[in-house]
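Written out below as structure tokens is the structure these notes cover.
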Amino acid sequence: MTADPESDSDSEADPESKPDSDRDSTAGASGEYPSPCHDPKIVADLVARDRRTSGTALRAEGSGRSSTYREFITTSYKAGNVLRYLGVRAGEEVLIVPTARPETALAFFGAAQLGAVVRFADEIEGEPPRVVVAPAERETEFDLPPGHRLIVYGDRPEAATTTHWETEVWSENPAVHPVDVDPSDPLLVDGARVPTHADALSAAVEFVENAGLGPGVEHVVRGSLADVDTVVSGLLAPILASGVIVFPE
């Protein structure tokens, strides 16, 4: 994949290269956590470069995989760049098959940074989305028209027209996306519900306050991500609070 000319390399502005006294973070038993994100306007605020630390951001119990904040945020940038390469632009729909795997969360945060509208669903409803993100075992279930792309993770795809997540994301530049996203832009679609960035983040802030989430505190994703409320509580709230997203087995 072509390198992004607007990339600031992963070695630049690296928070882990700063003295401890310069980091805005909280030390925890499993690493160093960024301070909770106060008054975020858009989802991209939750994955700002200066929040990349060594504390755990995500843990998937089924696979035993985990990501630090540094790894999670950097990979979300890479995921967004792959989606942009595949044609995703602000306001366009990205369908993500809801699974308890790290790629689900990374694709969501990557798409949100582009201003895309995310639908978590097992099948296409109505007009085809610009991109579908799915596990490799679901590849044959999606027949997209020209100009629309399928990206799968896990095993390599069978069709030459299908993009392989691992190949593209892990080789992509960790660039910050040069996209202007407004708090009033739609973030998710769930039937008739189309919450904006502001709507979802306001709900996430309220959830954090009520649930007592904080740096290093684990929160298990309960329910299907096809429900907006689960996305708010399971994906947005933990990262906003500098906690840990936990996908159950």
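No value in this document is a laboratory result; all are computed from the given coordinates. The model shown is predicted, which means the values in this text are computed figures rather than measured ones. Every residue, glycine among them, receives a Cβ derived from its backbone with ideal geometry; neighbour counts consider all protein chains shown.
Segment ASP143..ARG222, full-extension length gain: 25.4 nm, with 0.36 nm per residue of separation and the alpha-carbon distance subtracted.
Let a ≥ b ≥ c be the square roots of the eigenvalues of the Cα gyration tensor of the stretch 135-199; is it rounded (a/c under 1.5), or, if not, prolate (a/b larger than b/c) or oblate? It is oblate, given that a/c is not under 1.5 and a/b is not larger than b/c. Computed log10 I(q)/I(0) for the stretch 24-210 at 0.15, 0.18 Å⁻¹: -0.90, -1.29, from the Debye equation with unit scatterers placed on every C-alpha and solvent omitted.
Judged by the ratio a/c of the largest to the smallest principal axis of the C-alpha gyration tensor, the stretch 97-154 counts as oblate, that ratio being 1.5 or greater while a/b is no larger than b/c. Per-residue Karplus couplings for the stretch 137-147, computed as 6.51 cos²θ - 1.76 cosθ + 1.60 with θ equal to phi - 60°, are listed in order as 5, 9, 3, 6, 7, 10, 10, 9, x, x, x Hz, Gly and Pro entered as x.
Here the residues TRP165, TRP170, ranked from fewest to most Cβ neighbours within 10 Å of their Cβ, fall in the order TRP170, TRP165. Given +1 at the Cβ of Lys and Arg, -1 at the Cβ of Asp and Glu and no other charges, the dipole of the chain around its Cα centre is 200 debye to the nearest 20. In the chain, the calculated helix contribution to ellipticity at 222 nm averages -7000 deg cm²/dmol per residue, counting -39,500 (n - 2.57) for every DSSP H run with n ≥ 4. The stretch 135-177 and the stretch 191-236 have Cα centres spaced 27 Å apart. Could you pull out every residue, at least 5 positions away or on a different chain, whose amide H is within less than 5 Å of the one on THR196? Hs are placed 1.01 Å off N in the peptide plane, and Pro or chain starts have none. Sorted by chain and number, the residues that satisfy this are LEU187.
Note on the stretch 121-249: Rg/Rh from Cα positions, Kirkwood definition for Rh, rounded to two decimals, is 1.00.
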